[in-house]
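I have placed the structure first, in the form of structure tokens, so that the comments after it can refer back to it.
The values are calculated or read from the model by the stated rules, or taken from the named source; none is laboratory data. Everything numeric here is computed off the predicted structure, so don't read it as measured data. FYI the Cβ positions are ideal-geometry reconstructions off the backbone, even for glycines, and counts take in every protein chain you see. Please note that ligands, DNA and RNA were not included when accessible areas were found on the heavy atoms of the full protein model with its side chains. Shrake-Rupley method; radii C 1.70, N 1.55, O 1.52, S 1.80 Å.
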Amino acid sequence: MKPFLAAAAFLFAAGAQAQDDVLGDIVSPDLERREIREAKLDSENIEISTFGGVINVEDFGSNTLYGGALAYHINEDVFMEAAYGETELGESSFERLSGSAPLLTDEQRQLSYYNLSLGWNLFPGEYFIFDDWALNSSLYLIGGVGNTSFADEEHFTYNFGVGARVLANDWLALRLDFRDHIFEHEIFGEAQTTNNLSAQLGFSLFF
């Protein structure tokens with residue numbers, strides 16, 4: 001009787017082991033695990049930027065724009081930015097069409113602005129360059145107030161726009177911005193509100 005029980009126990013154990021092996025193959029397949037590398041982002045919140053681009057000042061055509069900005073990231077969603085930019089205006093549409101004497105001197109054609117804006121990181125995520133290369137990024141909205149100076153006058157200015165920031169590593173980022181700078185002037189004899197669009201590409205350093 002004992003040999004029979006021992007044999008039965010052996011067969012039962014072998015069957016259970018075989019069943020476990022089959023279930024193991026089904027439940028826990030042999031998958032190749034890919035290596036995950038966590039992004040090593042700088043924990044500092046100060047961002048210094050320099051940029052260049054084009055600004056279209058209404059009635060004065062498109063002109064080269066350059067400047068810089070200093071931003072403080074309050075948290076991962078919100079940041080504040082102070083920016084400064086310069087350009088030199090070309091001839092106005094009135095000057096080109098009428099052929100009259102210039103309305104502004106060379107010095108008066110120097111336009112500069114500064115503003116203080118609040119930004120909101122709307123869609124933080126990643127841009128995939130190749131199958132195994134992803135860069136951290138964010139699409140943001142930004143808007144604020146400031147001042148524009150040209151033609152010996154100061155003009156209170158609103159600005160708003162959209163931008164994208166792509167992090168190359170933990171301290172360097174590429175930025176692309178589109179802004180509308182809105183102010184009122186009376187250069188042509190009557191007050192008019194102008195929309196002045198800019199597109200700018202720049203680099204940022206994080207500290």
Checklist line | Selected residue (only one of A101, A8, A39 is modelled with pLDDT under 60 and more than 23 Å from S204 (Cα to Cα)) | finding: A8
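Conditions (1) modelled with pLDDT of 95 or more; (2) assigned to a strand (DSSP E or B); (3) surrounded by 15 or more Cβ atoms within 10 Å (Cβ to Cβ), marked per residue:
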position: A134; (1), (2), (3): no, yes, no
position: S138; (1), (2), (3): no, yes, yes
position: G146; (1), (2), (3): yes, yes, yes
position: G163; (1), (2), (3): yes, yes, yes
Check: With (1) over 16 Å from L201 (Cβ atoms); (2) in a strand (DSSP E or B); (3) of a type outside the set (A, V, I, L, M); (4) modelled with pLDDT under 95 as the list, and S62 as the residue in question, which single condition is left unmet?
Finding: (1)
Next item on the list: Could you tell me whether any residue of segment 196-204 is outside any strand (DSSP E or B) and either within 30 Å of L97 (Cα to Cα) or without any contact (Cβ under 8 Å) to a residue 60 or more places away in the chain (or both)?
Entry: no
Check: Quick one: W120 ticks every box in (1) over 19 Å from N45 (Cα atoms); (2) open to solvent by 40 Å² or more (accessible area, probe 1.4 Å); (3) modelled with pLDDT of 90 or more bar one, so which box is it?
Finding: (1)
Notebook entry, point to check: Among the residues of segment 183-192, is any part of a strand (DSSP E or B) and under 18 Å from E88 (Cα atoms)?
Noted result: yes
Margin query: Give me the residue from segment 166-182 that is in contact (Cβ under 8 Å) with a residue 40 or more places away in the chain and assigned to a strand (DSSP E or B) and, out of that set, most open to solvent (accessible area, probe 1.4 Å).
Written below: L167
